[in-house]
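I have placed the structure first, in the form of structure tokens, so that the comments after it can refer back to it.
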Amino acid sequence: MKLRPGWFFQRVLTQDVLLALFVTVMQVQGTVALAAARATEQRSLADFGYLGYALLVVGGLVVAVRRVWPVLVFVTAAAASLVYYALEFPDGYGWLGLMIALYTVAAYGDGRRSLAIAGVGTTVLATGWLFASADVEPREAIGWVFFRIGVTVMSTTLGESVRSRRVIAADAQERAELAERTREEEARARVDAERLRIAREVHDTVAHAIAIINVQSGVTAHVLDKRPEQAREALQTIEQTSSRTLQEMRAILGVLRGDNDDPVPHASLEQIDDLTAEARAAGLDVTLEVDSPAAPLPSAVDSAAYRILQESITNIIRHTGPTRVTIAVSPGLDHLEIRVTDQGRAGSHDAPVRRPSGNGMGTGMRDKPGRGVLGMRERCQLLGGDFNAEPTPGGGFEVKARLPLAPTRSRL
């Protein structure tokens, strides 16, 4: 059943009206019965034009709007009580509506302000009640005054307890919702990071393999008739490269589908000899300058370093062609330095200096979009490292990366 917007308010108001009627009857009937039972000489409720009855009725009926105007209800009930006892009307149950009003102020207030109102109100009430009972007879009847004072304190304490529990529950609910949102955001962030990582792996793996296969297939087509042995070697290189790439892609896709528990093949500088062999087979004259690290490299640094070297060589193969390349890997105490420098195309010393474009290409064909340099820079920044890719004065291109060996904050 669909509830109307004002349904809850109407239900609460109905409950408070019924409560007000009950309290009014209890105050009037209870006071009359108690006064009759005591048989003492007290002012009649009918004096001053039934003013006693009117004050008891007002103090009870005002409870009907206690949740709409809690402070006004409390002030009204308190004023009715002070006038009632100041005029020495008989003591009884005329304090019921006042205590409910006081509870409401504390329970539905804002803490400090509501407690201040309740405290000031209780002080005024206690002072007025004690002053009005200064000459009460018998003296034992003054106990009812202290009883009323005690009930006002208990009503305030009960209301504040309810308010505090409500605030604690609301805070707990808010923290739970915030924690849930945080978990969802963290999960999305992890998914995005994993998606980006896999995208880099796919890009680097496929781009390198396609570059090698493209060069070797061109060699095969060129020497097939004249030098069949060289063509056979090129085809073997194509077969080995494609086979290895297919294995890596199968592992990556298995992770994406969730039906493969095997980890994605870990790229490592231990494979640098295979990488340079493929580069030489593609026509590059590679000079390798690698210093062995004093301790094993962290896996993230090891993988990133290999992928940077792989992408650098891929860009050279795709956009420069056969040239001399120097690969230097220098581990330090707290960082790993990588440098890949090529001499550019033959005759490029007189050509305009090549500059990396904003599309992320490494060298050469600037009119085609790519993510080579951008992907390498992202890998460095994820580890808190430094990256630079720029043309050299001789017409070549140089890629330099500095990767910290200790985890640092990412600057992405």
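The values are calculated or read from the model by the stated rules, or taken from the named source; none is laboratory data. The shown structure was predicted, so the numbers you read here are calculated from the model rather than taken from an experiment. Glycine also receives a Cβ, built like all others from the backbone with ideal geometry; neighbour counts cover every protein chain displayed. Surface accessibility is based on the protein's heavy atoms, side chains included, excluding ligands, DNA and RNA. Shrake-Rupley method; radii C 1.70, N 1.55, O 1.52, S 1.80 Å.
Could you tell me whether region 128-141 includes any residue that is part of a helix (DSSP H, G or I) and among the β-branched types (V, I, T)?
no
May I ask you to list the residues in region 301-324 that are part of a helix (DSSP H, G or I) and open to solvent by 50 Å² or more (accessible area, probe 1.4 Å)?
The answer is R318, and nothing else.
Before we move on, is T104 crowded, with 20+ Cβ neighbours inside 10 Å and over 26 Å from A46 (Cα atoms)?
yes
Can you tell me which of A78, A64, A36, A54 is touching an Asp or Glu at 6+ places or on another chain (Cβ under 9 Å), in a helix (DSSP H, G or I) and open to solvent by 10 Å² or more (accessible area, probe 1.4 Å)?
Answer to the check: A64.
Consider only pairs whose beta carbons are under 7 Å apart and that are at least six residues apart or on different chains; among these, list those whose first residue lies in region 54-77 and is within 14 Å of G159 (Cβ to Cβ) and whose second residue is among the basic types (K, R) and open to solvent by 20 Å² or more (accessible area, probe 1.4 Å).
V73/R66
If V71 satisfies all but one of (1) at pLDDT below 90; (2) assigned to a helix (DSSP H, G or I), what's the number of the condition it fails?
(1)
Quick one: is L115 more than 18 Å from L21 (Cβ to Cβ) and in contact with a Gly (Cβ under 6 Å, 6 or more places away or on another chain)?
Spelling it out, it is not the case that L115 is more than 18 Å from L21 (Cβ to Cβ) and in contact with a Gly (Cβ under 6 Å, 6 or more places away or on another chain).
Do we have E378 as crowded, with 23+ Cβ neighbours inside 10 Å, part of a helix (DSSP H, G or I) and modelled with pLDDT under 85 here?
Against the criterion (crowded, with 23+ Cβ neighbours inside 10 Å, part of a helix (DSSP H, G or I) and modelled with pLDDT under 85), E378 does not qualify.
Which of the residues spanning region 254-288 are under 33 Å from the mean Cα position of the chain (by Cα) and at pLDDT 65 or above?
H266, A267
Just checking, does region 150-170 include any residue being farther than 30 Å from L82 by Cβ, at pLDDT 85 or above, open to solvent by less than 50 Å² (accessible area, probe 1.4 Å) and of a type in the set (A, V, I, L, M)?
no
From the list L125, L115, exactly one residue is modelled with pLDDT under 90, of a type in the set (A, V, I, L, M) and open to solvent by 50 Å² or more (accessible area, probe 1.4 Å). Which is it?
Exactly one residue qualifies, and that residue is L115.
Got at least one residue in region 87-96 being assigned to a helix (DSSP H, G or I) and either open to solvent by 70 Å² or more (accessible area, probe 1.4 Å) or among the small types (G, A, S) (or both)?
no
Considering each residue of region 92-112, count those that are under 26 Å from I168 (Cα atoms) and modelled with pLDDT of 80 or more, and give that number.
Within region 92-112, residues that are under 26 Å from I168 (Cα atoms) and modelled with pLDDT of 80 or more number 13.
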